[in-house]
Amino acid sequence: MTITTRFAPSPTGYLHVGGARTALFSWLYARKYGGQFILRIEDTDLERSTQESVNAILEGMEWLGLDYDAGPFYQTHHFDRYKEIIQQLLDQGDAYYCYCSKDELEQLRTEQMANKEKPRYNGKCRHLGARDESKEAVIRFKNPVDGAVTIHDLVKGDIVVGNKELDDLIIARADGTPTYNLTVVVDDMDMKVTHVIRGDDHINNTPRQINILAALGAELPLYGHLPMILGPDGARLSKRHGAVSVMQFRDEGYLPDALLNYLVRLGWSHGDQEIFTIAEMIQYFELDDVNVSASTFNMEKLLWLNHQYIMNSDPAHVAKHLSWHIGQLGIDLAAGPALVDVVKAQRERSKTLVEMANASIYFYKEFDSYDEKAAKKNFNVEAADILAQLRVEFEKAPVWEGEALHQVIVDLSESLSVGMGKVAQPLRVAICGSAVSPAIDITLSLLGREKTLARIERAVNYIRATN
């Protein structure tokens, strides 16, 4: 058997964290067993589905690196197939036309609730027979009234639901459009999906879908329902908890690898290991190891993990993602050092790519002003004289590389009988605009001779004009 999983989001908003984790678990399971991973866009909600949301889903999947083997398939392209299946169910006697008005159904619901009964359709139209064309009608699935459905859930264990708990759900609206529980069944059947991995908010739908599949004589997939993701306050994760859109994490400077690593640990574990490569996730992932209880999203933990990835990933990989953030700042990369070298210099002190990009602007672009606090502390008449002498020594440097430049600073501080800080700190403010930068020799190397000399001269003139 070829393992086939699918990720089937509705395009009614962005790709959110919960959806991304579902996609990841489905992708990992397919990759682990050499199977197929399908992307299906469930866009039958014509009023709420938008192309913008479709684009957001596709962009999110691409950024995360969750490649799919088939798709994206769009449900709106398969309406003829759904109509065919609905007609098959009608012909088999497994579906029927229902003429009950919204007012009737609302009255029924009110009475049931008043009697402390579970609100459900009472089957009034179940045995009416031939279609009455003079009346508007929906089509309902004729759910079995006896027995029970057992879901052999790969995460939660066996779940048994009595058929008497399930009413006859609508599978086609009055305008003929199919409903979610019908379309998802047809697609899973036609696409030969073997494992349906999705959030546990779908558990109520699963027994209904199993009964429709059984009526169609289809082979049942295996189901694994993932526990929900909670915010720090214990409520279901939502916009009010902060970043929940996948692309918002990109905008805030997270690496996709770090987000995937964080998501895989939201409800799954492999011993005490915290950091996983993609290859390790695929190797170790099993649905048996998914926790039954909900997980809490912790931004601090994600930030820590992102820093680990920035520090330890291939600098070229980090640079590829950093380039997008540099581009957002309107900076010309041709005007400064190779981005890979900037990553190597800045990664220890940068928790996000946004921090790294903002801290690296001065390598490519002249800064407008000096940090007020740094200038007050380090720019004085003595500093102007030291910087002027340092500029002369730098002009003599035969090669512009870290070790040689560091030695120039050491030699000058010794000849002037001052500490290294008296030379290095005014220099740092002069060339960076602030008192924070990578090691001074690395900073000088990356900045280059021409920019360094020009900025020292600018600083000397600034100090002498203001002191």
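No value in this document is a laboratory result; all are computed from the given coordinates. None of these values were measured; they are calculated from a predicted model. FYI the Cβ positions are ideal-geometry reconstructions off the backbone, even for glycines, and counts take in every protein chain you see.
A few remarks follow.
- For a straight C-alpha distance cut-off of 23 angstrom, the lysines reachable from LYS118 (same-chain residues fewer than eight places away being disregarded) are LYS102, LYS142, LYS164.
- Highest average packing first - 346-356, 215-225, Cβ atoms within 10 Å: 346-356, 215-225
- Angle between the chain longest axis and helix 315-328 axis [Cα atoms, degrees, rounded to 10]: 90
- Rounded to whole Hz, the Karplus (6.51, -1.76, 1.60) HN-Hα couplings of the stretch 220-228, x for glycine and proline: 7, x, 8, 10, x, 9, 8, x, 6
- For ASN211, neighbours were defined as the other residues whose beta-carbon sits under 14 Å from its Cβ, and their charges (Lys and Arg +1, Asp and Glu -1) total -2.
- Placing +1 on the Cβ of every Lys and Arg and -1 on the Cβ of every Asp and Glu, with nothing else charged, gives the stretch 316-466 a dipole about its Cα centre of roughly 400 debye.
- Computed from backbone phi, the HN-Hα couplings of the stretch 451-467 come to 5, 4, 5, 5, 6, 5, 4, 4, 5, 4, 5, 5, 5, 5, 7, 10, 10 Hz, rounded to whole numbers (Karplus: 6.51 cos²θ - 1.76 cosθ + 1.60, θ = phi - 60°; Gly and Pro given as x).
- Spin-label model, GLU372/ASN205: points 7 Å from Cα along the beta carbon direction are separated by 5.6 nm.
- The chain: antiparallel DSSP beta bridges as a percent of all, rounded to 5: 50
- Formal net charge of residues neighbouring LEU166 (Cβ-Cβ distance under 9 Å; K, R +1; D, E -1): 0
- Residues whose amide H comes within less than 5 Å of that of ALA70, counting only those at least five positions distant or on another chain, are PHE37, LEU39 (H built at 1.01 Å from N in the peptide plane).
- Expressed in Å, the radius of gyration and Dmax of the Cα atoms of the chain are 31.5, 105.
- Projected label distance in nm at GLN92 and ASP146, using a 7 Å step from Cα toward the beta-carbon: 1.9
- Couplings 3J(HN,Hα) of the stretch 90-100, computed from phi: 5, 5, 6, x, 9, 8, 7, 7, 10, 9, 4 Hz, in residue order, whole Hz [Karplus 6.51 cos²θ - 1.76 cosθ + 1.60, θ = phi - 60°; x for Gly and Pro].
- The magnitude of the dipole of the chain, with charges of +1 and -1 set on the Cβ of Lys/Arg and Asp/Glu and taken from the Cα centre, is near 720 debye.
- Compactness of the stretch 4-62 - radius of gyration and Dmax, Cα, Å: 11.8, 38
- Among 367-376, 86-95, the peptide with the highest mean count of other Cβ atoms within 10 Å heads the list, and the full ranking is 86-95, 367-376.
- Contour minus Cα-Cα distance for LEU105 and HIS127 (0.36 nm per residue): 6.2 nm
- For the stretch 338-378, a/c is not less than 1.5, where a ≥ b ≥ c are the root eigenvalues of the C-alpha gyration tensor, and a/b tops b/c. That puts it in the prolate class.
- Scoring 185-196, 146-157 by mean Cβ neighbours within 10 Å over their residues and listing the highest first yields 185-196, 146-157.
- Total formal charge among the other residues, if their Cβ is under 13 angstrom from that of ALA338, Lys/Arg +1 and Asp/Glu -1: +1
- Per residue of the chain, the DSSP helices (runs of n ≥ 4 H) give a summed -39500 (n - 2.57) that works out to -14500 deg cm²/dmol at 222 nm.
- Beta bridges per DSSP with both ends in the stretch 104-254, % antiparallel, nearest 5: 65
- Overall Cα dimensions of the stretch 316-466 - principal axes, largest extent first, Å: 44, 32, 24
- Solitary cysteines of the chain, where the nearest other Cys Cβ is not under 4.7 Å: CYS100, CYS432
- Between ILE278 and GLN308, the simple spin-label model (points 7 angstrom out along Cα→Cβ) gives 1.9 nm.
- In this structure, the amide hydrogen of VAL196, modeled 1.01 Å from its nitrogen in the peptide plane, lies closer than 5 angstrom to those of LEU222, TYR223, GLY224, counting only residues at least 5 positions away or on a different chain.
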